[in-house]
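Chemist: Encoded as structure tokens, here's the structure I'll be asking about.
The values are calculated or read from the model by the stated rules, or taken from the named source; none is laboratory data. All values derive from a computational prediction rather than experimental measurement. Note: areas computed on protein heavy atoms with side chains; ligands, DNA, RNA excluded. Shrake-Rupley method; radii C 1.70, N 1.55, O 1.52, S 1.80 Å.
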Amino acid sequence: MKEFIEEYGGVIAACLLSLILLGTMADMLGTNGQLSALFSGFLEGIGAVRG
């Protein structure tokens, strides 16, 4: 078990952290998320979309 953790511990940690990051990004990209509101405001600012 110790050898397994030594060999694959970093890979497992990286996978878990990437899943957390992807979940956070998915929440931010939702219909009411901060990034969607920012992008919508940008499009309104350049005149591409009427509010």
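To keep it simple, each residue is scored yes or no on (1) modelled with pLDDT of 85 or more; (2) of a type in the set (D, E, K, R); (3) open to solvent by less than 60 Å² (accessible area, probe 1.4 Å); (4) on the phi > 0 side of the Ramachandran plot.
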residue: LYS2; (1), (2), (3), (4): yes, yes, no, no
residue: GLU6; (1), (2), (3), (4): yes, yes, no, no
residue: LEU19; (1), (2), (3), (4): yes, no, no, no
residue: GLY45; (1), (2), (3), (4): yes, no, no, no
residue: GLY51; (1), (2), (3), (4): no, no, no, no
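Chemist: Follow-up question, since we're still on this one. Taking the criterion of being β-branched (Val, Ile, Thr) and open to solvent by less than 100 Å² (accessible area, probe 1.4 Å), would at least one residue in segment 22-42 satisfy it? Write out each step before concluding.
Modeler: In the first step, residues of segment 22-42 are kept if they are β-branched (Val, Ile, Thr); the result is 24, 31.
This time we only want the ones that are open to solvent by less than 100 Å² (accessible area, probe 1.4 Å), so: 24.
For segment 22-42, residues β-branched (Val, Ile, Thr) and open to solvent by less than 100 Å² (accessible area, probe 1.4 Å): present.
Chemist: Looking at segment 8-23, is at least one residue over 14 Å from the mean Cα position of the chain (by Cα), among the β-branched types (Val, Ile, Thr) and in a loop (DSSP other than H, G, I, E, B)?
Modeler: no
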